[in-house]
1. Can you work out which of the residues in region 107-132 that are of a type outside the set (Val, Ile, Thr) and in contact with a helix residue (DSSP H, G or I) (Cβ under 8 Å, 6 or more places away or on another chain) is nearest to Ile18 (Cα to Cα)?
2. Considering only residues that are over 17 Å from the mean Cα position of the chain (by Cα) and buried (at least 17 other Cβ atoms within 10 Å of the Cβ), look in region 75-99 and name the one that is nearest to Gln16 (Cα to Cα).
3. Are any of the residues in region 100-108 in contact with a His (Cβ under 9 Å, 6 or more places away or on another chain), surrounded by fewer than 18 Cβ atoms within 10 Å (Cβ to Cβ) and not in a strand (DSSP E or B)?
4. Which number in (1) over 30 Å from Asp118 (Cα atoms); (2) surrounded by 13 or more Cβ atoms within 10 Å (Cβ to Cβ); (3) of a type in the set (Gly, Ala, Ser) marks the one condition that Ser25 misses?
5. Check off (1) modelled with pLDDT under 95; (2) under 11 Å from the mean Cα position of the chain (by Cα) for Phe62 and give me the number that stays unchecked.
6. Could you please tell me which pairs satisfy a Cβ distance under 8 Å, a separation of 6+ or placement on different chains, a first residue in region 104-129 that is closer than 15 Å to Glu8 by Cα, and a second residue that is of a type in the set (Lys, Arg) and surrounded by 11 or more Cβ atoms within 10 Å (Cβ to Cβ)?
7. When region 24-63 is examined, which residues are found to be among the charged types (D, E, K, R) and under 15 Å from Ser80 (Cβ atoms)?
8. Among the candidates Ala52, Ala42, single out the residue that is among the small types (Gly, Ala, Ser) and within 18 Å of the chain's Cα centre (by Cα).
Amino acid sequence: MVPHQKQECPVPLDQQPINEYRALSNSFPFSWASGSLVEYCARLFATGASFALFVGLPVSWFGSVGPKSEPLRLVLGAASSGFFVVTLAVVRMYLGWAYVGNRLLSATVEYEETGWYDGQIWVKTAEVLARDRLLGSFSCEASAH
């Protein structure tokens, strides 16, 4: 009888899905999605309002021909720039969480040892697959949605 040997994970540490999850959950602004909904919305509102006030309003003010005669257009231009930045932030957070979630839920891990030309595929062990799927199901899907 051959003794069971534990297979080492050949995937580099920074490309392992569990480590990608940890890095994403601690990074800006991805960590916002793992908090409460009220805190998440407040941060998005503050981001959009700040961008609209400090970037959108000056651009619309100095970029328009008659700023004093069309204040509604200035405010709408500034507000739409804030909304655009919030939309970009939400889409970026969704894509990041979806990518890590898919890597956690997948039974295989695609990785590169030294560069783009030497891609490999590692089949997760049963233990790693169970751990990753549990984490992906409860953490990433909640953050991405």
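1. If we filter region 107-132 for residues that are of a type outside the set (Val, Ile, Thr), which is where we start, we get 107, 110-113, 115-120, 122, 124, 126-127, 129-132.
Next, only the ones that are in contact with a helix residue (DSSP H, G or I) (Cβ under 8 Å, 6 or more places away or on another chain) stay: 107, 111-112, 124, 131-132.
Details: Ala107: 13, Tyr111: 13, Glu112: 16, Lys124: 12, Arg131: 9, Asp132: 7 Å.
Only one residue fits best here, namely Asp132.
2. Within region 75-99, the match that is nearest to Gln16 (Cα to Cα) is Gly82.
3. Just the residues of region 100-108 that are in contact with a His (Cβ under 9 Å, 6 or more places away or on another chain), to begin with: none.
Within region 100-108 (the criterion being in contact with a His (Cβ under 9 Å, 6 or more places away or on another chain), surrounded by fewer than 18 Cβ atoms within 10 Å (Cβ to Cβ) and not in a strand (DSSP E or B)), the answer is no, since none of the residues qualifies.
4. Going through (1) over 30 Å from Asp118 (Cα atoms); (2) surrounded by 13 or more Cβ atoms within 10 Å (Cβ to Cβ); (3) of a type in the set (Gly, Ala, Ser) one by one, Ser25 breaks only (1).
5. Failed condition: (2).
6. Thr108/Lys124; Val109/Arg103; Val109/Lys124
7. Start the filter on region 24-63 by keeping residues that are among the charged types (D, E, K, R), which leaves 39, 43.
Once the filter is applied, which keeps residues that are among the charged types (D, E, K, R) and under 15 Å from Ser80 (Cβ atoms), region 24-63 yields nothing.
8. Working: Ala52 fails: within 18 Å of the chain's Cα centre (by Cα).
Answer to the check: Ala42.
The values are calculated or read from the model by the stated rules, or taken from the named source; none is laboratory data. Being a predicted model, the structure only gives us computed values, none of them experimental. All Cβ positions, glycine included, derive from the backbone under ideal geometry; neighbour counts span all protein chains shown.
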